[in-house]
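Below you'll find the structure, written out as structure tokens, and then a few comments.
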Amino acid sequence: MQAYYANRITNLSESITIAISTLARELKAQGKDILSFSAGEPDFDTPQVIKDAAIKAIQEGFTKYTATAGIPELLSAISEKLARENHLNYSTKEIIVNSGAKHSLFNVFQALIDVDDEVIIPSPYWVTYPELVAFSKGKNVFIETSQENNFKITKEQLKAAITPKTKMLVLTTPSNPTGMVYPKQELEAIGEVLKNTNIWVLSDEIYEKLVYDGKFTSAGSISGDMLERTITINGLSKAAAMTGWRMGYLASKDQKLCKLIDGLQSQSLSNINSITQKAAIAGLNGSADKDIENMRTAFKERRDFAHQKMNAIEGLNVIKPDGAFYLFVNCSSITKDSMQFCKDLLEQQGVAVVPGIGFGMEGYFRFSFATDLQSIEKGIQRIARFVTKN
């Protein structure tokens, strides 16, 4: 038969980070010596206290359907965590638990973005944002940042980008791929620009626990006005090394929005798996804080090491990230074709990194330091050989 597919699905691009990671695994399976620095995933194991909570849930037979938005105990744990750590006041009716923060984002875009609604996204950006906007039939409006300005937008840039069709601003702090963090004063400046508008703020805070310099501030905590317009996205994938557990959540003061998203989720995913919900409580209530801090400390050591070694390579330069676990390396003095650079690097030296074009900025590549120091040193040595040779 002749197959016809929906335009919305055929126009959707595969995540470039997943594509690179998959290729690296395939080459490794073929017996090639591959070092991959492409995945956005902690190399640490999930804290034992979280695993114990999951085991207990299984042993007690907690294996049935739950409420779509999440079990009451988990919603309460999220509400208390947001109040305690982020100074955000959300009731349990203003929180929805999703299958990972990516799923939270999908639900938000589906619920809010209509045809030709404009969504402002600072560039470089996480690869999924523009794809989800396009899938929702919205229009991406990119604000290009610069290394000189630490890859962050200014209030002047934001003012210039706003039009009558602007529906949402996407903020990621700490950022993927740059690791930059918006401090309180910069968020306040953004909040001032948005006053007296109907523009939503989608604040992706999935890397909040991985901040090495300065203090993390949630966008919604800046003012009452920002709290009303901000949808907070978070989860435990990065902070508690729970990527495979698939637990994320969104919080919004707009209870109608939450109800609409709950309805959408009830017709698609239903609830996230029950075992993960029980386990996640231990990741939110402070039980795993010591493990999370140990991971943060190790990541900071790796960041400092990788930053120093990468900057020692002639032809490359990178600013030190405030958070997350990535270096966004400038290779523009060698080539602005980041895809070709990364392909050649993988073929010639067996090192997998992600081209900057996937994040909307040429002349850069993303290097994940979410691996051990020995591998980081070996990988950077190979990158140095590649740059010298080419």
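The values are calculated or read from the model by the stated rules, or taken from the named source; none is laboratory data. No experiment lies behind these values; they were computed from the predicted model shown. Here the Cβ is made from the backbone with ideal geometry for all residues, glycine too, and neighbour counts use every protein chain on show. The accessibility values were calculated without ligands, DNA or RNA, using every heavy atom of the protein model including side chains. Shrake-Rupley method; radii C 1.70, N 1.55, O 1.52, S 1.80 Å.
State which residue is least open to solvent (accessible area, probe 1.4 Å) when the search covers only the range 151-163 and only residues that are free of Cβ contacts under 8 Å to residues at least 60 places away in the same chain and not β-branched (Val, Ile, Thr).
Residue satisfying both the conditions and the ranking: LEU158.
Of all the helices (runs of 4 or more DSSP H) wholly in the range 151-269, which have at least 3 residues that are among the hydrophobic types (A, V, I, L, M, F, W, C)?
Those helices (runs of 4 or more DSSP H) span 155-161, 184-194, 255-266.
When residues of the range 134-150 are filtered for being open to solvent by less than 20 Å² (accessible area, probe 1.4 Å) and either touching a residue at least 40 places away in the same chain (Cβ under 8 Å) or not in a loop (DSSP other than H, G, I, E, B) (or both), how many remain?
1
For the range 1-106, give me every one of the helices (runs of 4 or more DSSP H) that falls completely inside it and has 2 or more residues that are surrounded by 13 or more Cβ atoms within 10 Å (Cβ to Cβ), within 21 Å of the chain's Cα centre (by Cα) and modelled with pLDDT of 95 or more.
Answer list for the range 1-106: 72-86.
Which of the residues spanning the range 309-324 are buried (at least 20 other Cβ atoms within 10 Å of the Cβ), assigned to a loop (DSSP other than H, G, I, E, B) and within 21 Å of the chain's Cα centre (by Cα)?
Of everything in the range 309-324, those that are buried (at least 20 other Cβ atoms within 10 Å of the Cβ), assigned to a loop (DSSP other than H, G, I, E, B) and within 21 Å of the chain's Cα centre (by Cα) turn out to be VAL318, PRO321, ASP322, ALA324.
Checking the conditions here, which among SER338, SER368 is in contact (Cβ under 8 Å) with a residue 24 or more places away in the chain and touching a Gly at 6+ places or on another chain (Cβ under 6 Å)?
Matching residue, one of SER338, SER368: SER338.
Is it true that some residue in the range 288-308 is of a type in the set (D, E, K, R), open to solvent by less than 30 Å² (accessible area, probe 1.4 Å) and either part of a helix (DSSP H, G or I) or closer than 28 Å to ARG25 by Cα (or both)?
There is at least one residue in the range 288-308 that is of a type in the set (D, E, K, R), open to solvent by less than 30 Å² (accessible area, probe 1.4 Å) and either part of a helix (DSSP H, G or I) or closer than 28 Å to ARG25 by Cα (or both).
Kindly establish whether THR230 is under 29 Å from ALA306 (Cα atoms), open to solvent by less than 10 Å² (accessible area, probe 1.4 Å), within 21 Å of the chain's Cα centre (by Cα) and not aliphatic (A, V, I, L, M).
Taking the combined requirement at face value, the residue does not satisfy it.
Any residue that is among the acidic types (Asp, Glu) and more than 20 Å from ASN196 (Cα to Cα) - is there at least one of those in the range 247-255?
Scanning the range 247-255 turns up no residue that is among the acidic types (Asp, Glu) and more than 20 Å from ASN196 (Cα to Cα).
For the range 333-390, enumerate the residues that are in contact with a Ser or Thr (Cβ under 9 Å, 6 or more places away or on another chain), open to solvent by 10 Å² or more (accessible area, probe 1.4 Å) and not in a helix (DSSP H, G or I).
Listed by number, the residues that qualify are GLY360, MET361, GLU362, TYR364, THR371, ASN390.
When you scan the range 208-225, how many residues do you find that are open to solvent by 10 Å² or more (accessible area, probe 1.4 Å) and either within 13 Å of LEU171 (Cα to Cα) or not basic (Lys, Arg) (or both)?
Total meeting the criteria: 12.
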